[in-house]
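Visitor: Sending over a structure as structure tokens; questions will come in a sec.
The values are calculated or read from the model by the stated rules, or taken from the named source; none is laboratory data. Note that the structure is predicted; figures quoted are calculated from it, not measured. Cβ: placed from backbone, ideal geometry, glycine included. Neighbour counts: every protein chain shown. These accessible areas exclude ligands, DNA and RNA; they are computed on the full protein's heavy atoms, side chains included. Shrake-Rupley method; radii C 1.70, N 1.55, O 1.52, S 1.80 Å.
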Amino acid sequence: MFDFLLFFSALAIAVQTRGLDVEVNLFIKALFLFWAFSTLYHRLRVVKKTGNTTVDYGISYSLSFGIFAGPLGLFIFETIYRFTVYINRKRTKTADPEEFWDTFYNIGSFSLAYSAAYYLYNLLIPFFEPLPFGFWILLFLLVFVTSFLIDTFLITVFYMLGDVKTFGDAYDFYKSRSLIDTGKTALTNGLLLLFIHQAEWGTLLALFLLNYLVSLSFFSKSQSIQDKYERDKFEQMAYTDYLTGINNRAFMDKKMTELSQTEEYIGVVVADIDKFKSINDNYNHSVGDQVIRHFANQLKSYLNVNDSLFRSGGEEFTLFLRNRNYAQCVDLVERILRRVENSTVEVEFGSETVPISYTSSFGLYFYKISEQVPLEKGYIVADQLLLESKQDGRNRLTAVNGCSNACKPVLVKN
């Protein structure tokens, strides 16, 4: 009902005017140019989802056309242009379910807003024209007025749909208008209006083309940036453990492939939580998840920017320690082990906050990456050393210096 109220109000204003403000031949030429480039420009619009409604943002040429042709000519232009967009969306299967009825809303809202601009322009131009830059000041004023009207129509729709509930929501929507876009709309429509009044068809066509090419360049760059952002975001999601926020096993495999080409000295550490099953059995899996997050944070707090931490299993974590010698790696892991042993994690269990203590075991293999012993094999050795720590009583580190002559396990106890 609101869509049709706007549409028939715009139609009534168009019909009650004295007709077109220009000759028919001139009107048809201008109508074709404005329709063609508005339709062409429509593919460069920015689409934003607001609640249940999809809103298109893009430059509009309706201001200059409305002032040039009057409310009747504007209504004709908006009707032809908006139904062209609707038909094209139906053809490409990109139309929303309510697209047909939204077309009436678009015709009505834009025709009403720019009809108001037509009357304001004719009322105010005698006062502004003598002023320095008076024409341009008036154009900027009209863009602000029409933007306010169009936003008010949209806010009314959002209010009826429940997407805008408070005055603050409406105010935030008004504020979302870009001053740069406002200036671009005013300058473009002002130039179009000047050229069309002077029947400078070549210059008018050149301005349309320039505006389209600049917008196309900006749109292409924006699309490339958006595509890269989405690729990076999906890659981050694919490589991030959902529970702890650190890198997962998939990223560990990728990192191992990269580091296997470096032939650097590295400390590979595999760690896990001792008797973790009993935590789940005595409490629940939610408590177990909180303990895992606590352990991950403890590990992460000891690493520098060159180190890597991964959740390689349920309660198992893998660390790659770089730019350190064997003694430094052992010292670091010992400090982590003691920190975990002496700390507690506060967990929510039932209606209470419960302190839980736990211990952890570690396997460390320090060696130089080579073609014969890539990082994947170093990880297997470290995992075996973790198993030895478990078998020897837990809460300990078993470490091997793969660069020593003896190359025998060195048991490091608290």
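Visitor: Relative contact order of the chain: what whole-number percent is it, with Cα pairs under 8 angstrom and at least 6 residues apart?
Guide: Reported as a whole number, the value is 12 percent.
Visitor: Ordering 157, 15 by accessible area with a probe of 1.4 Å, largest first, what comes out? Before the final figure, lay out each step's value.
Guide: Values: 157 25, 15 100 Å².
Listed by decreasing accessible area, they come as 15, 157.
Visitor: Among the aspartates and glutamates, which have Cα under 20 Å from the Cα of residue 233 when same-chain residues fewer than 8 positions away are ignored?
Guide: Qualifying aspartates and glutamates at Cα under 20 Å: 241, 253.
Visitor: To the nearest 20 Debye, how big is the dipole of the range 268-414 about its Cα centre, given +1 on the beta carbon of each Lys and Arg and -1 on that of each Asp and Glu?
Guide: The dipole of the range 268-414 has a size of about 520 debye.
Visitor: Just the accessible area for residue 184, please: 1.4 Å probe, Å², rounded to the nearest 10?
Guide: Using a 1.4 Å probe on the heavy atoms, I get roughly 80 Å².
Visitor: Kindly report, to the nearest 10 Å², the accessible surface of residue 20 as traced by a 1.4 Å probe over protein heavy atoms only.
Guide: Using a 1.4 Å probe on the heavy atoms, I get roughly 60 Å².
Visitor: Leaving out ligands and nucleic acids, and using a 1.4 Å probe, what accessible area per residue does the range 82-124 come to in Å²?
Guide: Accessible area per residue, the range 82-124: 52 Å².
Visitor: Can you give the calculated 222 nm mean residue ellipticity of the chain, where each DSSP H run of n ≥ 4 adds -39,500 (n - 2.57) and the sum is split over every residue, rounded to the nearest 500 deg cm²/dmol?
Guide: The helix contribution divided over the chain gives -21000 deg cm²/dmol.
Visitor: Could you state the orientation-averaged shadow area of the convex hull built on the Cα atoms of the range 71-204, in nm² to one decimal? Each step should come with its number before you reach the end.
Guide: On the way: hull surface 41.7 nm².
In nm², the orientation-averaged hull projection of the range 71-204 is 10.4.
Visitor: OK, next. Can you tell me the length gained on complete extension of the stretch residue 94 to residue 216, counting 0.36 nm per residue apart and subtracting the Cα distance? Can you show the working numbers first?
Guide: Details: separation 122, 0.36 × 122 = 43.92 nm, distance 2.04 nm.
Here the answer is 41.9 nm.
Visitor: Considering the dipole of the chain built from charges on the beta carbon (Lys and Arg +1, Asp and Glu -1) around the Cα centre, which of 68, 379, 12 is farthest to its positive end?
Guide: Positive-end residue among those listed: 379.
Visitor: Moving on to the next point. What is the calculated FRET efficiency for residue 243 to residue 263, with r their C-beta to C-beta distance and R₀ = 30 Å, to the nearest 0.05? Could you put the intermediate results ahead of the total?
Guide: Working: r = 34 Å, r/R0 = 1.14.
In this case the efficiency is close to 0.30.
Visitor: Spelling out what I want: for every residue of the range 326-333, take phi, set θ = phi - 60°, compute 6.51 cos²θ - 1.76 cosθ + 1.60 (Karplus), and round to whole Hz; glycine and proline get x.
Guide: 4, 4, 5, 5, 4, 4, 4, 5
Visitor: Let me ask something else about it. Add +1 for every Lys or Arg and -1 for every Asp or Glu among the other residues with Cβ under 12 Å from the Cβ of residue 107, and state the total.
Guide: -2
Visitor: Taking 0.36 nm per intervening residue step and subtracting the Cα-Cα distance, what contour gain separates residue 8 from residue 125 on full extension?
Guide: Full-extension gain reported as 39.3 nm.
Visitor: Please compute the modelled spin-label separation between residue 323 and residue 161, points set 7 Å along Cα→Cβ, answer in nm with one decimal.
Guide: 5.2
Visitor: Also, I was wondering about something else. Under 12 Å from the Cβ of residue 331, count the other residues' Cβ atoms, weight Lys and Arg +1, Asp and Glu -1, and hand me the total. Each step should come with its number before you reach the end.
Guide: Details: positive: 324, 335, 338; negative: 334.
Local net charge: +2.
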